[in-house]
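Here is the structure we will look at, set down as C-alpha cells.
Coordinate-derived values only; no laboratory data. Please read these numbers as outputs of a predicted model, since none were measured by experiment. So basically every Cβ, Gly included, is an ideal-geometry build from the backbone, and we count neighbours across all protein chains shown.
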Amino acid sequence: MKKLILTNFIFFIGLTNLLLGQDQSLDSLNDFINNQAERFHVPGIAACVIKGDSIVWHNGYGYANIEDEKKMTSESILNIASISKTITATAIMQLWEKGLLKLDADVNNYLDFSVTNPNFPNTPITIKQLLTHTSSIADGSSLKVGYQCGDPKKELKDWLFNYFDTDGEYYNEIDNFHNKEPASFREYSNVGFGLLGLIVEEISGVPFNEYVKVKIFEPLEMSNSGYFLNEVDANRLATSYLYLGPLQENLTEPQNSKLPYYNPYCQYSFWNYPDGLVRTSVLDLAKFATAYMNGGIYKGKRILKKETIEFMMSPQLSEEINVDKDQGLCWFQSPSLYPTWYHGGSDPGVSTRMYINKKDKLGVIVFQNANVDNTFYIIKELYNRFK
C-alpha cells in the first residue's frame, strides 16, 4: 500500500511539473509576443498553430480597436493582404483540374480584351506566368488609385480593361509593363493576380468573390471570411493603424488616451481585390491551411487534389530566373524554415504571414493590424516551439 501511495505521489508530482512547465512555456511565449507588439508598435496581434488537422494553440494580443478598447482575438477579422493570392491561385487551379484552362495558354484565350506587353507584342502572357510573377506586367501608379474607404466602387473587369486597353483611362505602356520579355525574369505583380481573378470570373460565369465563397469558403466552413464588408461580421472587424509616434503631437490631437500615437485607417478596399482583399480570422484561415497540409481535404471536403498541391508547392522557375528556386505556383518556399511553403501580406495597417510544412503537417499563421514586417519573428518562434 505504501508503495502504491508513493508511486501515485511521484506520478502526481511529475504531472504537476509537466503542467507547470507548459504554463511557464506559454507565459514565456506570451511575453515574447507582447514584447514584439511593444517593440514594433503593433496595436494587436492574432496567431494560431495547426498540427495535423487540428488547431493546437491560438491567441490574441492587444487591441483590434483601440478607441473602443476591443481586444484582438483569434476570431478578429482583418484584411490579410497578399495571403489572399493563395486563395486566388486555388480558384485558378480548381478550374485547371477540370480542364477549363491551360497554364501555358495565352491569357487572351479567356478574355474579351487584349493583354499584351507593347514592348513584346508577339510574346504571349500565360496563366503560369501570372502565378509565378514572370508575366512582365508591372504594378503601375494607377494601382494606388483603386484604394478607397468602403467596398470597391469599380468593377474588377472595368478596372482591368482600363489598365490594359490602349485607349483605357489607366493605360500607360511605360508604367504598366516592364521592358523585359515575359518569362525571362521574375518581378512581383499584384495586377497580375487581379487578372487571374477576372479569368476565374470569365470562365465560371460568376463574380470572383461569389466563386470563392461557393467553391472555397463554404466547403472549408470559413463562415467568417469574405472580400466585401457585407460578407463578414462587422462586429469582428479589426481596425488597421498607422503609428506616428510623438510626431503626432505636432500634427493633431491624440486620437485616444490608451495608445495616443496611433491613427486608424478606414475599412478600405481596392479595385484589384483578388490580389489581397480577403477578410478573415486566423481561425478561419487555419481551415484553408489545414486543407493544404492534408492533401486538399478539410473534414472530408476536397478543394484540390493532393497532386495539384504538390505541383503548386514545387519550384517552377529555372535558376537563371529564380536563383533560390523558391517560387512555386503563387507559393514561396522558405529557406530559413525549410521545407515550409508560405505567403505573406502587407497593406496599409496590415502585416500577415502563413507558413505550411506539409511533411510534418505543421502550420503557423500570424496577423497584425499594423504594417510592420516583424511577423516572421513571431512565425519563427511559434514554429520552433511547436514543431
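One table, with the values for the structure above:
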{"quantity": "Estimated distance in nm for a label pair at residue 181 and residue 75, the labels positioned 7 Å out from Cα along Cα-to-Cβ", "calculated": "5.6 nm"}
{"quantity": "313, 72 arranged by Cβ crowding within 10 Å, fewest neighbours leading", "calculated": "313, 72"}
{"quantity": "Proxy reagent accessibility, fewest Cβ within 10 Å first, across 364, 232, 206, 372", "calculated": "206, 372, 232, 364"}
{"quantity": "Neighbour-count order for 63, 110, fewest beta carbons within 10 angstrom listed first", "calculated": "110, 63"}
{"quantity": "The chain - mean residue ellipticity at 222 nm from DSSP helices (-39,500 (n - 2.57) per run, n ≥ 4, rounded to 500)", "calculated": "-9500 deg cm²/dmol"}
{"quantity": "Subset of 306/361; 85/213; 128/154; 85/180; 358/380 violating a 19 Å alpha-carbon distance limit", "calculated": "128/154; 85/180"}
{"quantity": "In order through region 210-222: 3J(HN,Hα) via Karplus (6.51 cos²θ - 1.76 cosθ + 1.60), integer Hz, x for Gly, Pro", "calculated": "5, 4, 4, 4, 6, 9, 10, 5, 5, x, 8, 6, 8"}
{"quantity": "Hz values of 3J(HN,Hα) by residue in region 105-115 - Karplus curve (6.51, -1.76, 1.60), Gly and Pro given as x", "calculated": "7, 4, 4, 5, 5, 10, 10, 9, 9, 8, 10"}
{"quantity": "Convex hull projection area averaged over all views, the chain, Cα basis, nm²", "calculated": "23.1 nm²"}
{"quantity": "Relative contact order (percent, whole number), the chain, Cα cutoff 8 Å, 6+ residue spacing", "calculated": "23 percent"}
{"quantity": "Ranked by how many other beta carbons lie within 10 Å on average, peptides 76-87, 212-223, 27-38 from highest", "calculated": "76-87, 212-223, 27-38"}
{"quantity": "Volume per residue of the C-alpha convex hull in region 269-382, rounded to whole Å³", "calculated": "127 Å³"}
{"quantity": "Among 343-354, 120-131, the order from most to least packed when residues are scored by Cβ within 10 Å on average", "calculated": "343-354, 120-131"}
{"quantity": "Sum of side-chain charges, residue 83 neighbourhood, beta-carbon under 13 Å (Lys, Arg +1; Asp, Glu -1)", "calculated": "0"}
{"quantity": "Nearest 10 degrees, 0 to 90: helix 84-97 Cα axis against the chain principal axis", "calculated": "60 degrees"}
{"quantity": "Partner lysines for residue 71 [C-alpha distance under 22 Å; skip if fewer than 8 residues away on the same chain]", "calculated": "258"}
{"quantity": "Packing-based order for 292-300, 195-203, using average beta carbon neighbours within 10 Å, highest first", "calculated": "195-203, 292-300"}
{"quantity": "Gained length - residue 306 relative to residue 27, 0.36 nm times residue gap less alpha-carbon distance", "calculated": "96.7 nm"}
